[in-house]
Amino acid sequence: MNESRLLGLFLVFAPLSLMSFGGGQAIIADMQHQTVDIQHWMSGRDFVDIFAISRAAPGPSTLIAALIGWHVAGFGGAAIAAIAIYLPSSLIVYAAVRWWHAAADSPWRGILQRGLTPIAVGLVFAGGLAVLEAARVNALQIFATVIAAGLLTTTRVSMYAIMAGAAVVFAFAQLL
Amino acid sequence: MKVVEKTREIPLSALIAVFFRVGITSFGGSTAAALYREAVERRRWLDDHGFVSALALCQVLPGANPVNLAIYIGAQLRGGIGGTLAAIGLIFPPFCFILVLAVLYVRYGALPLAHSILGGLAAVGIGMTLSVGAKLARTIRKPVPVAIAATLFITVGVLHWPMIPMVLVLAPLSIGIERLLLKAEPQ
């Protein structure tokens, strides 16, 4: 039973890994559809909870796959889901990176590099806005976002100091 | 284009330590931005242009952008083993963090204090993403690339148009324009 669940996790997440063009946010809706509607691994309500936990944690947003795996088949499920979501795309990326570094002197590489730069910049801002919206932030969080962005852009203050400060402020805000 | 010289080999232990730290501290989807601060600003493993083009490549390929970026930087510094260790270093700490969080959630429900602190850390992470975005935006100064970046942000970010078709339209357009510009002024 457990083996078939682990295999099921792999067979759901490995294809999603190969389809995640543009990053993890591209496949969240498909993950929900597969997990809730097709495999019936959890209710829609459970998925919303798991999504919220994944947003609260550090690291890549695709780690939601590990949480789904854990929900389905415990720690082994988390490990299999993480391998399935990261390994297939990573092999493709590694091959592409090898080619990219090997082609350092080719004129085409320079063209690709300059042509893709505005795409990267546009997607960074779109991604920041998407996280801001998905988190349904409160006024204090918006304030903290603005302060952190301002400090990190204009001063050399350490990010870890800002994080420590934010942790203290938000702890007090909750306790008061 | 400035080439970053590899004057000395980065020890694998230093490589994995950097990605480990970024993995465990990058809240609010800020992993790519945290990699910018560590790899570009603090260690100068890449320059701004190198980073932004690496990020672009990693965005158009399948896979989580920060993981792809870790593979890119790790492979540039130390080949296959560097790419592998960078990716594992980046994924493993938050993998453990997220499972601990899930276990705590199941056992104790949503803890308001933890929820508030994590929400604050996520806000700092979003601030860092915006800050790094502003720095990366300075790498494009010509009107056409600025227009392309702004179009992508407005359509995908503000108007919620689907990202993949927009990238499939704008990326070839942007690359094609650069190709024409190169033909127009051969050096």
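The values are calculated or read from the model by the stated rules, or taken from the named source; none is laboratory data. Quick caveat: nothing in here was measured; it's all calculated off a predicted structure. Please note: Cβ atoms are built from the backbone with ideal geometry, for glycine as well, and neighbour counts cover all protein chains shown. Accessible surface is based on the protein model in full, side chains and every heavy atom, while ligands, DNA and RNA are left aside. Shrake-Rupley method; radii C 1.70, N 1.55, O 1.52, S 1.80 Å.
Some notes on this structure:
- Using a probe of 1.4 Å on the protein chains alone, the accessible area found for B:R43 is around 80 Å².
- In nm, spacing of pseudo-spin labels at B:R44 and A:L7 (7 Å Cα→C-beta vector): 5.5
- Within the shell defined by Cβ-Cβ distances under 15 Å, the residues around A:V121 carry a net charge of +3, with Lys and Arg each +1 and Asp and Glu each -1.
- Accessible area (Å², 1.4 Å probe, nearest 10) - B:T139: 20
- Between B:K142 and B:A184, the modelled label-to-label distance comes to 0.7 nm, taking each label 7 Å out from Cα in the direction of the beta carbon.
- Cβ-derived FRET efficiency at R0 51 Å, B:R21 paired with A:R45, nearest 0.05: 0.90
- Modelled spin-label separation between B:A150 and A:R156, with each label point placed 7 Å from Cα along the Cα-to-Cβ direction: 3.4 nm.
- Heavy-atom accessible surface of the protein assembly as shown, averaged per residue, reaches 46 Å², computed with a 1.4 Å probe.
- Computed from the Cα positions only, the extents of the stretch B:12-139 along the three principal axes stand at 45, 33, 27 Å, in decreasing order.
- Buried solvent-accessible surface, both chains (B, A), 1.4 Å probe, Å² to nearest 100: 7600
- Mean projected area in nm² (Cα convex hull; one quarter of hull surface) for chain A: 13.6
- Whole-percent carbon and sulfur share, accessible surface of the protein assembly as shown, 1.4 Å: 68
- Summing charges over neighbours of B:L121, with a neighbour being any other residue whose Cβ is under 15 Å away from its Cβ, gives +2 when K and R count +1 and D and E count -1.
- Highest-MSF residue in chain B out of B:R107, B:R138, B:R42 [GNM, Cα springs under 10 Å]: B:R107
- Charged neighbours of B:K135, selected by a Cβ distance under 11 Å, balance to 0 (K, R count +1; D, E count -1).
- In this structure, the amide hydrogen of A:F21, modeled 1.01 Å from its nitrogen in the peptide plane, lies closer than 5 angstrom to those of B:G63, counting only residues at least 5 positions away or on a different chain.
- Of A:G44, A:G76, A:G110, the one that fluctuates the most in a GNM where chain A has Cα springs shorter than 10 Å: A:G110
- Averaged over the residues of A:36-43, the number of partner chain Cβ atoms lying within 10 Å of the residue Cβ comes to 0.
- Ranked by the mean number of other Cβ atoms within 10 Å of their residues, highest first, the peptides B:32-40, B:10-18 come out as B:32-40, B:10-18.
- Classified by the C-alpha gyration tensor, the stretch B:141-187 has an oblate form. Its axis ratio a/c, with a ≥ b ≥ c, is 1.5 or above, and a/b does not exceed b/c.
- Charge dipole magnitude, Cβ of K and R +1, D and E -1 - the stretch B:12-139, Cα centre, debye nearest 20: 160
- Membrane-span-like helices in chain B, defined here as complete DSSP H runs extending at least 30 Å along the helix axis by their C-alpha atoms with mean Kyte-Doolittle hydropathy no lower than 0.5, are B:65-108, B:112-137, B:163-184; this is a sequence and geometry rule, not a statement about a membrane.
- Its convex hull of Cα atoms gives the stretch A:1-102 a direction-averaged projected area, equal to a quarter of the hull surface, of 6.6 nm².
- For the stretch B:13-30, a reduction of at least 50 Å² in accessible area between the chain on its own and the assembled protein chains (probe 1.4 Å) is found at B:T25.
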